[in-house]
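What follows is a short report on a single structure.
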There are 2 protein chains.
Amino acid sequence: MADIILASASPRRKELLTLAGVDFTVKAADVEEVIPENASPDEVVMSLALQKAQAVSKDNADCIVIGSDTVVALDGVILGKPKDEENAREMLIALSGRSHTVYTGVAIIHGEKTKSFCEATEVVFNELSQEEILNYIATKEPMDKAGAYGIQGKGCVLVEKIVGDYFNVVGLPVSRLYKELKSF
Amino acid sequence: MADIILASASPRRKELLTLAGVDFTVKAADVEEVIPENASPDEVVMSLALQKAQAVSKDNADCIVIGSDTVVALDGVILGKPKDEENAREMLIALSGRSHTVYTGVAIIHGEKTKSFCEATEVVFNELSQEEILNYIATKEPMDKAGAYGIQGKGCVLVEKIVGDYFNVVGLPVSRLYKELKSF
(Lines give C-alpha, C1' and ligand atoms only; values in the text may rest on other atoms or scores of the structure.)
Protein backbone atom coordinates (compact mmCIF):
# COMPACT_ATOMS: atom_id res chain seq x y z
CA MET A 1 0.00 0.00 0.00
CA ALA A 2 1.22 3.53 -0.78
CA ASP A 3 2.27 5.90 2.01
CA ILE A 4 -0.59 7.85 3.57
CA ILE A 5 -0.54 11.61 4.17
CA LEU A 6 -3.06 13.45 6.31
CA ALA A 7 -3.53 16.90 4.74
CA SER A 8 -4.47 18.64 7.98
CA ALA A 9 -2.79 20.74 10.66
CA SER A 10 -5.43 19.69 13.23
CA PRO A 11 -3.90 17.91 16.24
CA ARG A 12 -7.32 16.32 16.89
CA ARG A 13 -7.47 14.72 13.43
CA LYS A 14 -3.90 13.47 13.83
CA GLU A 15 -4.84 11.90 17.17
CA LEU A 16 -7.96 10.23 15.74
CA LEU A 17 -6.21 8.76 12.69
CA THR A 18 -3.51 7.39 15.01
CA LEU A 19 -6.24 5.87 17.21
CA ALA A 20 -7.63 4.09 14.13
CA GLY A 21 -4.27 2.33 13.78
CA VAL A 22 -3.34 3.99 10.47
CA ASP A 23 0.35 4.74 9.69
CA PHE A 24 0.66 8.19 8.17
CA THR A 25 2.56 11.45 8.03
CA VAL A 26 1.10 14.96 8.25
CA LYS A 27 1.37 17.71 5.62
CA ALA A 28 -0.83 20.72 6.30
CA ALA A 29 -2.66 21.88 3.17
CA ASP A 30 -1.89 25.47 2.23
CA VAL A 31 -5.15 26.41 0.54
CA GLU A 32 -7.25 29.52 0.38
CA GLU A 33 -10.56 27.83 1.22
CA VAL A 34 -13.18 28.65 -1.41
CA ILE A 35 -16.68 27.95 -0.12
CA PRO A 36 -19.06 27.11 -2.97
CA GLU A 37 -22.07 29.46 -3.14
CA ASN A 38 -25.57 28.22 -2.29
CA ALA A 39 -24.08 24.88 -1.23
CA SER A 40 -25.54 22.63 1.45
CA PRO A 41 -23.36 21.77 4.50
CA ASP A 42 -22.43 18.34 3.08
CA GLU A 43 -21.44 19.89 -0.27
CA VAL A 44 -19.32 22.52 1.54
CA VAL A 45 -17.32 20.02 3.64
CA MET A 46 -16.78 17.66 0.71
CA SER A 47 -15.58 20.57 -1.45
CA LEU A 48 -13.20 21.88 1.24
CA ALA A 49 -11.89 18.37 1.99
CA LEU A 50 -11.17 17.91 -1.73
CA GLN A 51 -9.41 21.28 -1.98
CA LYS A 52 -7.14 20.34 0.95
CA ALA A 53 -6.37 16.88 -0.40
CA GLN A 54 -5.69 18.20 -3.93
CA ALA A 55 -3.31 20.87 -2.61
CA VAL A 56 -1.12 18.20 -0.99
CA SER A 57 -1.63 15.52 -3.66
CA LYS A 58 -0.23 17.62 -6.51
CA ASP A 59 3.30 17.33 -5.04
CA ASN A 60 2.71 13.81 -3.67
CA ALA A 61 1.03 11.90 -6.49
CA ASP A 62 2.51 8.58 -5.35
CA CYS A 63 0.92 8.89 -1.90
CA ILE A 64 -2.63 8.41 -0.62
CA VAL A 65 -3.68 11.85 0.61
CA ILE A 66 -6.56 12.40 3.03
CA GLY A 67 -8.26 15.81 3.28
CA SER A 68 -11.04 16.59 5.74
CA ASP A 69 -13.30 19.43 6.83
CA THR A 70 -15.95 19.70 9.56
CA VAL A 71 -18.86 22.11 10.03
CA VAL A 72 -21.73 22.48 12.47
CA ALA A 73 -25.15 23.19 10.94
CA LEU A 74 -28.38 24.27 12.61
CA ASP A 75 -31.49 24.08 10.39
CA GLY A 76 -29.17 23.76 7.39
CA VAL A 77 -27.29 26.99 8.24
CA ILE A 78 -23.55 26.59 8.87
CA LEU A 79 -22.17 27.91 12.17
CA GLY A 80 -18.48 28.79 11.86
CA LYS A 81 -16.06 29.70 14.63
CA PRO A 82 -17.43 32.51 16.80
CA LYS A 83 -16.11 35.99 15.98
CA ASP A 84 -16.15 37.07 19.62
CA GLU A 85 -17.68 36.14 22.98
CA GLU A 86 -21.03 37.76 22.13
CA ASN A 87 -21.18 35.68 18.95
CA ALA A 88 -20.32 32.53 20.94
CA ARG A 89 -23.17 33.37 23.33
CA GLU A 90 -25.61 33.75 20.41
CA MET A 91 -24.56 30.38 18.97
CA LEU A 92 -24.88 28.54 22.29
CA ILE A 93 -28.34 30.10 22.89
CA ALA A 94 -29.35 28.91 19.40
CA LEU A 95 -28.08 25.35 20.08
CA SER A 96 -29.59 25.08 23.60
CA GLY A 97 -32.25 22.38 24.02
CA ARG A 98 -32.17 21.49 20.32
CA SER A 99 -30.71 19.08 17.81
CA HIS A 100 -28.11 20.09 15.21
CA THR A 101 -25.91 18.22 12.77
CA VAL A 102 -22.13 17.94 12.49
CA TYR A 103 -20.87 17.18 8.97
CA THR A 104 -17.36 15.98 8.19
CA GLY A 105 -16.31 15.68 4.58
CA VAL A 106 -13.38 13.46 3.62
CA ALA A 107 -11.52 13.24 0.31
CA ILE A 108 -9.02 10.46 -0.43
CA ILE A 109 -6.74 11.02 -3.44
CA HIS A 110 -4.13 8.71 -4.94
CA GLY A 111 -2.77 10.16 -8.21
CA GLU A 112 -5.75 10.24 -10.59
CA LYS A 113 -8.04 8.30 -8.28
CA THR A 114 -10.38 10.19 -5.94
CA LYS A 115 -12.99 9.10 -3.39
CA SER A 116 -15.10 11.55 -1.41
CA PHE A 117 -17.74 11.05 1.24
CA CYS A 118 -19.53 12.91 4.00
CA GLU A 119 -20.58 11.63 7.40
CA ALA A 120 -23.30 13.34 9.45
CA THR A 121 -23.87 13.01 13.20
CA GLU A 122 -26.87 14.44 15.04
CA VAL A 123 -26.07 16.18 18.34
CA VAL A 124 -28.78 17.02 20.90
CA PHE A 125 -27.95 19.77 23.39
CA ASN A 126 -29.26 20.08 26.94
CA GLU A 127 -31.32 23.14 27.83
CA LEU A 128 -28.59 25.57 28.90
CA SER A 129 -29.11 28.34 31.44
CA GLN A 130 -27.62 31.83 30.88
CA GLU A 131 -25.22 31.04 33.73
CA GLU A 132 -24.04 27.78 32.14
CA ILE A 133 -23.46 29.54 28.81
CA LEU A 134 -21.47 32.37 30.43
CA ASN A 135 -19.43 29.91 32.54
CA TYR A 136 -18.60 27.87 29.45
CA ILE A 137 -17.57 30.97 27.46
CA ALA A 138 -15.35 32.00 30.41
CA THR A 139 -13.32 28.80 29.86
CA LYS A 140 -12.37 30.23 26.38
CA GLU A 141 -12.94 26.76 24.91
CA PRO A 142 -15.69 27.91 22.48
CA MET A 143 -13.56 30.56 20.76
CA ASP A 144 -11.68 28.35 18.25
CA LYS A 145 -14.46 25.81 17.70
CA ALA A 146 -17.07 25.66 14.93
CA GLY A 147 -20.47 26.04 16.60
CA ALA A 148 -18.75 27.43 19.73
CA TYR A 149 -18.32 24.12 21.56
CA GLY A 150 -16.00 21.12 21.81
CA ILE A 151 -17.69 17.81 22.69
CA GLN A 152 -14.31 16.29 23.62
CA GLY A 153 -13.58 19.08 26.12
CA LYS A 154 -15.51 20.90 28.83
CA GLY A 155 -18.36 21.05 26.33
CA CYS A 156 -19.09 17.38 27.06
CA VAL A 157 -21.63 18.39 29.72
CA LEU A 158 -23.61 20.50 27.22
CA VAL A 159 -24.52 17.46 25.10
CA GLU A 160 -27.49 15.26 26.06
CA LYS A 161 -26.95 12.64 23.35
CA ILE A 162 -25.67 12.00 19.85
CA VAL A 163 -26.88 9.80 17.01
CA GLY A 164 -24.03 8.64 14.78
CA ASP A 165 -20.24 8.48 15.02
CA TYR A 166 -18.84 10.39 18.03
CA PHE A 167 -15.44 10.82 16.39
CA ASN A 168 -17.13 12.51 13.43
CA VAL A 169 -18.15 15.29 15.84
CA VAL A 170 -14.56 15.58 17.09
CA GLY A 171 -13.39 15.98 13.46
CA LEU A 172 -12.79 12.68 11.66
CA PRO A 173 -15.21 9.79 11.00
CA VAL A 174 -12.62 7.13 11.83
CA SER A 175 -14.87 4.10 11.39
CA ARG A 176 -16.09 5.08 7.90
CA LEU A 177 -12.61 6.32 6.88
CA TYR A 178 -11.05 3.01 7.96
CA LYS A 179 -13.56 1.10 5.79
CA GLU A 180 -13.09 3.43 2.79
CA LEU A 181 -9.29 3.20 3.02
CA LYS A 182 -9.48 -0.60 3.02
CA SER A 183 -11.65 -0.67 -0.12
CA PHE A 184 -9.79 2.22 -1.84
CA MET B 1 -20.93 22.46 48.68
CA ALA B 2 -19.38 19.44 50.39
CA ASP B 3 -16.18 17.85 49.06
CA ILE B 4 -16.72 15.30 46.31
CA ILE B 5 -15.14 11.83 46.28
CA LEU B 6 -15.11 9.53 43.26
CA ALA B 7 -15.30 5.94 44.61
CA SER B 8 -13.49 4.37 41.65
CA ALA B 9 -9.99 3.24 40.77
CA SER B 10 -10.71 3.66 37.03
CA PRO B 11 -8.37 6.16 35.37
CA ARG B 12 -10.99 6.63 32.62
CA ARG B 13 -13.68 7.73 35.10
CA LYS B 14 -11.21 10.09 36.79
CA GLU B 15 -10.40 11.62 33.42
CA LEU B 16 -14.09 12.05 32.50
CA LEU B 17 -15.10 13.65 35.80
CA THR B 18 -12.15 16.06 35.42
CA LEU B 19 -13.33 16.85 31.88
CA ALA B 20 -16.76 17.74 33.30
CA GLY B 21 -15.06 20.43 35.40
CA VAL B 22 -15.84 18.80 38.76
CA ASP B 23 -13.37 19.20 41.68
CA PHE B 24 -12.94 15.88 43.46
CA THR B 25 -10.59 13.38 45.05
CA VAL B 26 -10.40 9.63 44.39
CA LYS B 27 -10.91 6.84 46.95
CA ALA B 28 -11.18 3.39 45.40
CA ALA B 29 -14.03 1.36 46.92
CA ASP B 30 -12.87 -1.88 48.53
CA VAL B 31 -15.99 -3.98 48.02
CA GLU B 32 -16.66 -7.58 47.23
CA GLU B 33 -19.10 -6.95 44.40
CA VAL B 34 -22.35 -8.83 44.99
CA ILE B 35 -24.37 -9.14 41.79
CA PRO B 36 -28.11 -9.43 42.52
CA GLU B 37 -29.64 -12.62 41.10
CA ASN B 38 -32.11 -12.48 38.17
CA ALA B 39 -31.46 -8.74 37.87
CA SER B 40 -31.63 -6.79 34.62
CA PRO B 41 -28.47 -4.94 33.44
CA ASP B 42 -29.73 -1.57 34.73
CA GLU B 43 -30.51 -3.08 38.15
CA VAL B 44 -27.04 -4.69 38.27
CA VAL B 45 -25.11 -1.48 37.54
CA MET B 46 -27.22 0.60 39.93
CA SER B 47 -26.71 -1.99 42.67
CA LEU B 48 -22.94 -2.19 42.13
CA ALA B 49 -22.65 1.62 41.91
CA LEU B 50 -24.48 1.88 45.25
CA GLN B 51 -22.27 -0.78 46.88
CA LYS B 52 -19.14 1.14 45.84
CA ALA B 53 -20.49 4.51 46.97
CA GLN B 54 -21.69 3.09 50.32
CA ALA B 55 -18.29 1.49 51.01
CA VAL B 56 -16.56 4.86 50.74
CA SER B 57 -19.39 6.92 52.26
CA LYS B 58 -19.39 5.08 55.60
CA ASP B 59 -16.02 6.64 56.51
CA ASN B 60 -16.74 9.92 54.70
CA ALA B 61 -20.29 10.86 55.70
CA ASP B 62 -19.55 14.58 55.33
CA CYS B 63 -18.56 14.17 51.66
CA ILE B 64 -20.57 13.66 48.48
CA VAL B 65 -19.49 10.21 47.24
CA ILE B 66 -19.99 9.06 43.64
CA GLY B 67 -20.01 5.33 42.81
CA SER B 68 -20.32 3.97 39.30
CA ASP B 69 -20.42 0.71 37.35
CA THR B 70 -20.65 -0.10 33.62
CA VAL B 71 -21.76 -3.23 31.77
CA VAL B 72 -22.28 -4.22 28.16
CA ALA B 73 -25.48 -6.15 27.40
CA LEU B 74 -26.51 -8.01 24.26
CA ASP B 75 -30.18 -9.06 24.12
CA GLY B 76 -30.38 -8.36 27.86
CA VAL B 77 -27.45 -10.69 28.67
CA ILE B 78 -24.46 -9.07 30.37
CA LEU B 79 -21.05 -9.51 28.74
CA GLY B 80 -18.24 -9.21 31.28
CA LYS B 81 -14.51 -8.99 30.66
CA PRO B 82 -13.32 -11.84 28.39
CA LYS B 83 -11.74 -14.78 30.24
CA ASP B 84 -9.24 -15.42 27.43
CA GLU B 85 -8.64 -14.64 23.74
CA GLU B 86 -11.10 -17.33 22.58
CA ASN B 87 -13.79 -15.78 24.78
CA ALA B 88 -12.96 -12.31 23.39
CA ARG B 89 -13.35 -13.74 19.87
CA GLU B 90 -16.77 -15.19 20.77
CA MET B 91 -17.94 -11.85 22.17
CA LEU B 92 -16.76 -9.85 19.13
CA ILE B 93 -18.46 -12.34 16.77
CA ALA B 94 -21.66 -11.94 18.79
CA LEU B 95 -21.46 -8.11 18.64
CA SER B 96 -20.55 -7.95 14.91
CA GLY B 97 -23.11 -6.20 12.68
CA ARG B 98 -25.55 -5.74 15.57
CA SER B 99 -26.75 -3.30 18.17
CA HIS B 100 -26.08 -3.70 21.89
CA THR B 101 -26.50 -1.50 24.95
CA VAL B 102 -23.99 -0.07 27.41
CA TYR B 103 -25.42 0.66 30.86
CA THR B 104 -23.70 2.82 33.46
CA GLY B 105 -25.19 3.05 36.93
CA VAL B 106 -24.31 5.96 39.20
CA ALA B 107 -24.99 6.40 42.91
CA ILE B 108 -24.48 9.72 44.70
CA ILE B 109 -24.44 9.58 48.51
CA HIS B 110 -24.16 12.43 51.04
CA GLY B 111 -24.62 11.10 54.59
CA GLU B 112 -28.23 9.83 54.69
CA LYS B 113 -29.15 11.21 51.28
CA THR B 114 -28.87 8.94 48.21
CA LYS B 115 -29.61 9.43 44.52
CA SER B 116 -29.19 6.66 41.95
CA PHE B 117 -29.70 6.58 38.21
CA CYS B 118 -28.77 4.55 35.15
CA GLU B 119 -27.91 5.82 31.69
CA ALA B 120 -28.14 3.56 28.62
CA THR B 121 -26.42 4.09 25.26
CA GLU B 122 -27.06 2.01 22.15
CA VAL B 123 -23.94 0.98 20.22
CA VAL B 124 -24.13 -0.39 16.65
CA PHE B 125 -21.15 -2.45 15.47
CA ASN B 126 -19.88 -2.75 11.91
CA GLU B 127 -19.90 -6.19 10.28
CA LEU B 128 -16.48 -7.50 11.35
CA SER B 129 -14.44 -9.99 9.33
CA GLN B 130 -12.60 -12.86 11.04
CA GLU B 131 -9.37 -11.04 10.15
CA GLU B 132 -10.48 -7.77 11.76
CA ILE B 133 -11.50 -9.60 14.93
CA LEU B 134 -8.17 -11.47 15.15
CA ASN B 135 -6.19 -8.27 14.42
CA TYR B 136 -8.09 -6.45 17.17
CA ILE B 137 -7.53 -9.25 19.69
CA ALA B 138 -3.81 -9.19 18.79
CA THR B 139 -3.66 -5.59 20.11
CA LYS B 140 -4.60 -7.01 23.58
CA GLU B 141 -7.00 -4.11 24.02
CA PRO B 142 -10.11 -6.34 24.44
CA MET B 143 -8.74 -8.33 27.37
CA ASP B 144 -9.55 -5.93 30.24
CA LYS B 145 -12.74 -4.48 28.75
CA ALA B 146 -16.36 -5.48 29.36
CA GLY B 147 -17.73 -6.74 26.03
CA ALA B 148 -14.15 -7.15 24.74
CA TYR B 149 -13.81 -3.68 23.19
CA GLY B 150 -12.89 -0.09 24.05
CA ILE B 151 -14.65 2.57 21.99
CA GLN B 152 -12.10 5.18 23.11
CA GLY B 153 -9.18 3.05 21.86
CA LYS B 154 -8.39 1.04 18.74
CA GLY B 155 -11.94 -0.30 19.05
CA CYS B 156 -13.20 3.03 17.63
CA VAL B 157 -13.16 1.56 14.11
CA LEU B 158 -15.44 -1.33 15.14
CA VAL B 159 -18.34 1.00 15.93
CA GLU B 160 -20.64 2.26 13.17
CA LYS B 161 -22.71 4.59 15.33
CA ILE B 162 -24.07 5.21 18.79
CA VAL B 163 -27.36 6.59 20.09
CA GLY B 164 -26.97 8.33 23.44
CA ASP B 165 -24.10 9.72 25.50
CA TYR B 166 -20.67 8.69 24.16
CA PHE B 167 -19.02 9.18 27.56
CA ASN B 168 -21.49 6.74 29.07
CA VAL B 169 -19.92 4.05 26.85
CA VAL B 170 -16.44 5.06 28.06
CA GLY B 171 -17.62 4.64 31.65
CA LEU B 172 -19.28 7.75 33.09
CA PRO B 173 -22.39 9.64 31.86
CA VAL B 174 -20.82 13.07 32.44
CA SER B 175 -23.71 15.15 31.12
CA ARG B 176 -26.38 13.45 33.27
CA LEU B 177 -24.04 13.29 36.29
CA TYR B 178 -23.30 17.01 36.01
CA LYS B 179 -27.06 17.78 36.02
CA GLU B 180 -27.78 15.40 38.92
CA LEU B 181 -24.92 16.84 41.00
CA LYS B 182 -26.26 20.37 40.49
CA SER B 183 -29.75 19.38 41.66
CA PHE B 184 -28.50 17.07 44.45
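The values are calculated or read from the model by the stated rules, or taken from the named source; none is laboratory data. Owing to the predicted nature of the structure, the values given are computational and were not obtained by experimental measurement. As a convention, Cβ positions derive from the backbone with ideal geometry for all residues, glycine included, and neighbour counts pool all protein chains shown. Quick note on the areas: whole protein, heavy atoms, side chains included, nothing else; ligands and nucleic acids left out. Shrake-Rupley method; radii C 1.70, N 1.55, O 1.52, S 1.80 Å.
Compute a Gaussian network model of chain A, connecting alpha carbons closer than 10 Å, and tell me which residue from A:GLU112, A:GLU141, A:GLU160 fluctuates the most.
Judging by the Gaussian network model, the answer is A:GLU112.
Can you list the copy-to-copy distances for A:ALA39, using a point 7 angstrom from Cα toward Cβ, in nanometres, shortest first?
5.3
Here are some pairs, A:LYS154/B:LYS179; B:LYS14/B:LYS145; B:LYS113/B:LYS145; which of them have Cα atoms lying more than 21 Å apart in this structure?
Flagged as over cut-off: B:LYS113/B:LYS145.
Name the residues whose placed amide hydrogens come within less than 5 Å of the amide hydrogen of A:GLU160, ignoring near sequence neighbours (fewer than 5 apart) on the same chain.
A:VAL124, A:PHE125, A:ASN126
Note down the nm distance, to one decimal, between modelled labels 7 Å out along Cα→Cβ at A:GLU122 and at A:VAL77.
Roughly 2.1 nm, to one decimal.
Starting from a label point 7 Å past Cα on the Cβ side, list the distances from B:LYS113 to the same position in the other copies, nm, shortest first.
B:LYS113 label point versus its equivalents elsewhere: 6.2 nm.
What number comes out for accessible area per residue over chain B if the probe is 1.4 Å? Units Å², please.
I get 46 Å² per residue for chain B.
If amide H atoms are built 1.01 Å from N in the plane of the peptide, which residues on other chains or at least 5 residues away come under 5 Å of the amide H of A:LEU79?
Excluding prolines and chain starts, which carry no amide H, the hits are A:VAL72, A:ALA73, A:LEU74.
Relative to the longest principal axis of the C-alpha atoms of chain A, give the angle of the C-alpha long axis of helix A:41-57, reported between 0 and 90° and rounded to the nearest 10°.
Rounded to the nearest ten degrees, it is 40.
Using 7 Å Cα-to-Cβ label points, what is the B:ASN87/B:GLU131 separation (nm, one decimal)?
Label at B:ASN87, label at B:GLU131, 2.9 nm between them.
Cβ neighbours within 10 Å, averaged per peptide: list B:37-46, A:76-85, B:13-22 in order, most packed at the top.
So the order, starting with the most tightly packed, is B:13-22, B:37-46, A:76-85.
For peptide A:160-169, compute the average count of partner chain beta-carbon atoms within 10 Å of each residue's beta-carbon.
6
First check a/c for chain A, with a ≥ b ≥ c the square roots of the eigenvalues of its C-alpha gyration tensor; if it is under 1.5, answer rounded, and if not, answer prolate when a/b is larger than b/c or oblate otherwise.
Cα axes put chain A in the prolate bin.
Please report the residue of chain B with the smallest beta-carbon distance to the B-to-A rotation axis, and give that distance in Å, no decimals.
Residue and rounded Å distance to the axis: B:TYR166, 2.
For B:GLU131, which inter-copy label distances result when the label point lies 7 Å beyond Cα on the Cα-to-Cβ vector, reported in nm to one decimal and in ascending order?
5.7
Evaluate the distance, in nm, between pseudo-label points positioned 7 Å from the Cα of A:VAL26 and of B:ASP62 along their respective Cα→Cβ axes.
4.7
Rounded to the nearest 100 Å², what is the buried accessible area between B and A, both sides summed, probe 1.4 Å?
It comes to approximately 2000 Å² buried between B and A.
Order the peptides A:171-180, B:144-153 from the highest to the lowest mean number of other Cβ atoms within 10 Å of their residues.
Per-residue Cβ counts within 10 Å, averaged per peptide and sorted highest first, yield A:171-180, B:144-153.
Taking amide H positions as placed in the peptide plane 1.01 Å from N, state which residues far from A:ALA29 in sequence (5 or more) or on other chains have amide H under 5 Å from it.
A:SER8, A:ALA9
Once every DSSP H run of n ≥ 4 in chain B is given -39500 (n - 2.57) and the sum is divided by its residues, what mean residue ellipticity at 222 nm do you get, rounded to the nearest 500 deg cm²/dmol?
-10000 deg cm²/dmol
Within 10 Å of each Cβ of B:82-90, how many other protein chain Cβ atoms are there on average?
Mean shielding by partner chains, rounded to a whole number: 0.
Using a 1.4 Å probe on the protein heavy atoms, what percent of the accessible area of chain A belongs to carbon and sulfur?
Ligands and nucleic acids excluded, carbon and sulfur give 48 percent.
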